[in-house]
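Asker: First, the structure itself, so that you have it in front of you.
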Amino acid sequence: SLVSQGGRDLALGGPCPGWRQQRGAVRGALARAGGHLGPLLWLQGQELCEELRSHGEAPLDPFEVFTFHTCSTIARLLFGDLVPPPGELRAFSRCLGELLQVWGHSSVRALDLLPPLRALPNPGLRKLLRLVQHRDAFVEAQIRRHQVGSPKELGGSQGGTPQHVSSLCQECPSPPPDTVLAALLGRDPKVQGGPLSPPRLHMALVDLFIGGTETTAAALGWAVAFLLHRPELQARLRAELEGAQGPPGPGDTGRLPLLQATVSETLRLRPPAPLALPHCALRHTSLGGLPVVAGTVLVPNLLAAQQDPDIWQHPEAFLPERFLGPGAPSRSLLPFGCGARSCPGEGLARAELFVFLGLILREFRLEPGPGGPPGLRGSPGTVLRCPPFRLRMVPCQPP
């Protein structure tokens, strides 16, 4: 309840009619937005590579760069051309990362189980509430910006200068009709479920930002870290990319099977949210032959399930090749969960990883930084992140 406005979000909310409407609207809006996903990801991927190129061959920690560009991808998907300035968006992406880290601390998670503890001094809680306030102010500002369409309205809602208002109107003279936010506001007749109530709308945007920023950046970081340990696989991937016509797009998984297998293996070995989110049984049932009483809280261990030796050969090894041959247990790959509580942005995350990793490998040779190849033991938390590392990104001849 501390981070979800009383459970009004998709991830933590209960299965009431409002939650079902919210889920249907978000899934419909994302499916509708998939029609222009290719150009959006190509543009964002080019900007990602341009920022990486600006570092030259100096060692860098790529995670903050990845986080900003995954956050920017969500912003473009939600708001179209009416996106916030890069500095504002970069600060917001840092806020999301800190919020997830603080929320994952046991001293904070315990407060939902034992609410009376909130009355006691708790530095972690104070920091969490500050971060939630920053998060909510950013999201509300974007909703207001999207709901207005004239210079007068922009000036009145934001108190901006005439020059600022003029710049916004030149970028987008009216709210874009084909964005995810427009669909959630009920402006797209092809998407059912909108308009959402203000709290549900707010938390839907929060879920999309949190679910599509830190988790995707973490998975991209893991892919790079694993490839630093396997330079020969890097070379094979680059050869595959050079043999393809043009840069990778979301629809190119068939012609770039090794790249697609690398994404799948990364998600298998290091699912972004290894314990997903707690689930509550609504009725008496059973799981694996064991009785589950209604009201029982269940925590799915995706990390363990995807390293089950009964299903995966050499489960702890990074072997994308396992997905290339016939008989690969792809149905057992569930990094985003399954069923009604599965991540609605799974398709977007997979496409983003595929395009961004492909563009990076087309343009750069990944080499370990001064400390050698990174460690591969994940840092505990809500999101499974690779330990911080530095690498050199050496430009190679583009295909």
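The values are calculated or read from the model by the stated rules, or taken from the named source; none is laboratory data. Note that this is a predicted model, so its numbers are computed, not measured. When we count neighbours, we look across all protein chains shown, and the Cβ atoms used for this are built from the backbone with ideal geometry, even at glycine.
Asker: Could you list, in sequence order, all residues of region 28-41 that are in contact (Cβ under 8 Å) with a residue 60 or more places away in the chain and buried (at least 18 other Cβ atoms within 10 Å of the Cβ)?
Answerer: Hits for region 28-41 are Gly28, Ala29, Leu30, Ala33, Leu37, Leu41.
Asker: Just to verify a result, which residue in region 337-362, among those that are part of a loop (DSSP other than H, G, I, E, B) and free of Cβ contacts under 8 Å to residues at least 24 places away in the same chain, is nearest to the chain's Cα centre (by Cα)?
Answerer: Here the answer is Ser342.
Asker: Would you tally the residues in region 225-251 being outside any helix (DSSP H, G or I) and either in contact (Cβ under 8 Å) with a residue 12 or more places away in the chain or touching a strand residue (DSSP E or B) at 6+ places or on another chain (Cβ under 6 Å) (or both)?
Answerer: Residues meeting the conditions: 7.
Asker: Looking at region 305-333, which of the residues that are of a type in the set (S, T, N, Q) and touching an Asp or Glu at 6+ places or on another chain (Cβ under 9 Å) is surrounded by the fewest Cβ atoms within 10 Å (Cβ to Cβ)? Spell out how you get there, then give the answer.
Answerer: Quick first cut of region 305-333, residues of a type in the set (S, T, N, Q) only: 306-307, 313, 330, 332.
Add one more test, that the residue is touching an Asp or Glu at 6+ places or on another chain (Cβ under 9 Å), and what stays is 307, 332.
Details: Gln307: 16, Ser332: 13.
Ranking the qualifying residues of region 305-333, first place goes to Ser332.
Asker: Among the residues of region 239-250, how many are farther than 18 Å from Gln46 by Cβ and not acidic (Asp, Glu)?
Answerer: Final tally of qualifying residues: 2.
Asker: Before we move on, is Gln313 of a type outside the set (Lys, Arg), part of a loop (DSSP other than H, G, I, E, B) and in contact with a Pro (Cβ under 8 Å, 6 or more places away or on another chain)?
Answerer: Taking the combined requirement at face value, the residue does not satisfy it.
Asker: Check Arg94 against each of (1) at pLDDT below 85; (2) among the basic types (Lys, Arg); (3) more than 21 Å from Ala276 (Cβ to Cβ) and name the one condition it does not meet.
Answerer: Of (1) at pLDDT below 85; (2) among the basic types (Lys, Arg); (3) more than 21 Å from Ala276 (Cβ to Cβ), only one is false for Arg94: (1).
Asker: Can you tell me which residue in region 61-81 is modelled with the highest pLDDT, limited to those that are outside any helix (DSSP H, G or I) and surrounded by 22 or more Cβ atoms within 10 Å (Cβ to Cβ)?
Answerer: Selected residue: Pro62.
Asker: Also: Does any residue of region 357-379 turn out to be within 19 Å of His69 (Cα to Cα), crowded, with 17+ Cβ neighbours inside 10 Å, small (Gly, Ala, Ser) and assigned by the TED database to the domain that holds Glu240?
Answerer: Yes, the conditions are met somewhere in region 357-379.
Asker: Across region 295-310, what is the total count of residues that are under 13 Å from Leu269 (Cβ atoms) and of a type outside the set (Gly, Ala, Ser)?
Answerer: Looking only at that region, the number is 5.
Asker: Then there's this: Just wondering, is there one or more residues in region 252-274 that are modelled with pLDDT under 95, basic (Lys, Arg), surrounded by fewer than 11 Cβ atoms within 10 Å (Cβ to Cβ) and assigned to a loop (DSSP other than H, G, I, E, B)?
Answerer: So far as region 252-274 goes, no, none of its residues is modelled with pLDDT under 95, basic (Lys, Arg), surrounded by fewer than 11 Cβ atoms within 10 Å (Cβ to Cβ) and assigned to a loop (DSSP other than H, G, I, E, B).
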